[in-house]
1. Which residues, counting only those in the range 138-151, are surrounded by fewer than 19 Cβ atoms within 10 Å (Cβ to Cβ) and not in a helix (DSSP H, G or I)?
2. Mind checking whether some residue in the range 31-50 is part of a strand (DSSP E or B) and either under 18 Å from residue 208 (Cβ atoms) or at pLDDT 95 or above (or both)?
3. Provide a single number: the residues in the range 130-169 that are within 20 Å of residue 103 (Cβ to Cβ) and within 18 Å of the chain's Cα centre (by Cα).
4. Regarding residue 76, is this residue part of a helix (DSSP H, G or I) and either within 19 Å of residue 35 (Cβ to Cβ) or touching a helix residue (DSSP H, G or I) at 6+ places or on another chain (Cβ under 9 Å) (or both)?
5. Pick out the one residue from 189, 207 that is touching a strand residue (DSSP E or B) at 6+ places or on another chain (Cβ under 6 Å) and in a loop (DSSP other than H, G, I, E, B).
6. Tell me, please, whether a residue that is in contact with a strand residue (DSSP E or B) (Cβ under 8 Å, 6 or more places away or on another chain), at pLDDT 95 or above and either at negative phi or not in a loop (DSSP other than H, G, I, E, B) (or both) can be found in the range 3-24.
7. Looking at 182, 131, can you tell me which residue is out of contact with any strand residue (DSSP E or B) (no Cβ under 8 Å at 6 or more places or on another chain), crowded, with 19+ Cβ neighbours inside 10 Å, modelled with pLDDT under 95 and in a helix (DSSP H, G or I)?
């Protein structure tokens with residue numbers, strides 16, 4: 001989202017007869033190690049009503065590749081983007097350690113998506129808050145207990161969620177999400193598949209693609225934080 005342009009009605013406007021906006025479904029493929037996934041997640045949540053979105057959160061497992069030059073740039077770029085998106089990211093001090101240990105995080109989210117889908121949004125956000133804001137990234141059992149408790153998972157169900165990550169049901173859900181993302185053309189996170197009520201389907205990659213999404217579907221883009229106070233959501 002590097003542009004500040006306001007896009008009104010484009011060539012594929014989602015306004016129906018009478019001026020009523022039709023719905024737009026988005027499959028959002030993400031992982032918890034990527035701050036860019038967090039930025040995109042918050043933008044989707046902020047635009048859920050403005051764009052009449054139905055958001056399908058689809059945690060996937062695909063750790064990022066990293067080379068020294070990219071790592072250096074990522075640190076600089078993340079600092080810029082944290083301010084631009086108004087999302088309070090701070091890189092975890094042990095980022096290199098946890099970068100390739102995200103499978104357990106994603107299985108927890110896959111389990112929540114099966115057993116407590118109404119808590120998937122809060123559990124997803126809380127994971128980023130712990131890793132990318134509070135830097136609570138020791139990967140201990142206490143981390144997972146605290147994560148689920150702070151996400152609103154019932155206390156007596158937390159152990160069940162943590163045990164369920166070993167089941168084929170949860171593993172297959174995460175595998176299916178990852179395969180669906182690859183079939184859609186995903187090569188990293190965040191990735192999106194937007195589908196309009198008329199059947200128009202478009203794939204996008206990256207947290208900076210929202211102005212283009214708006215142009216393609218004839219939506220209004222008001223910047224990454226249209227309310228101007230995203231901190232109230234975090």
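1. Within the range 138-151, 138, 139, 140 meet the criteria.
2. Taking the range 31-50 first, the residues part of a strand (DSSP E or B) are none.
There is no residue in the range 31-50 that is part of a strand (DSSP E or B) and either under 18 Å from residue 208 (Cβ atoms) or at pLDDT 95 or above (or both).
3. Within the range 130-169, the first condition is being within 20 Å of residue 103 (Cβ to Cβ), and the residues that meet it are 130-132, 136-148, 151, 153, 158-169.
Imposing the further condition that a residue be within 18 Å of the chain's Cα centre (by Cα) reduces the set to 130-132, 147-148, 151.
Total satisfying the criteria: 6.
4. Details: part of a helix (DSSP H, G or I): yes; either within 19 Å of residue 35 (Cβ to Cβ) or touching a helix residue (DSSP H, G or I) at 6+ places or on another chain (Cβ under 9 Å) (or both): yes.
Yes: the conditions hold for residue 76.
5. Answer to the selection: 189.
6. Step one: list which residues in the range 3-24 are in contact with a strand residue (DSSP E or B) (Cβ under 8 Å, 6 or more places away or on another chain), which gives 9, 12, 14-15, 21-24.
Among the residues that remain, those that are also at pLDDT 95 or above are: 24.
Keeping just the survivors that are either at negative phi or not in a loop (DSSP other than H, G, I, E, B) (or both) gives 24.
Yes, the conditions are met somewhere in the range 3-24.
7. Details: 182 fails: crowded, with 19+ Cβ neighbours inside 10 Å.
After ruling out the rest, the residue left standing is 131.
Let's see how each residue does on (1) surrounded by 17 or more Cβ atoms within 10 Å (Cβ to Cβ); (2) free of Cβ contacts under 8 Å to residues at least 40 places away in the same chain; (3) assigned to a helix (DSSP H, G or I):
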{"residue": "153", "(1), (2), (3)": "yes, no, no"}
{"residue": "157", "(1), (2), (3)": "no, no, yes"}
{"residue": "172", "(1), (2), (3)": "no, yes, yes"}
{"residue": "203", "(1), (2), (3)": "no, yes, no"}
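The values are calculated or read from the model by the stated rules, or taken from the named source; none is laboratory data. Source: prediction; values computed, not measured. Ideal geometry is used to build each Cβ from the backbone, glycine not excepted, and the neighbour counts take in all protein chains shown.
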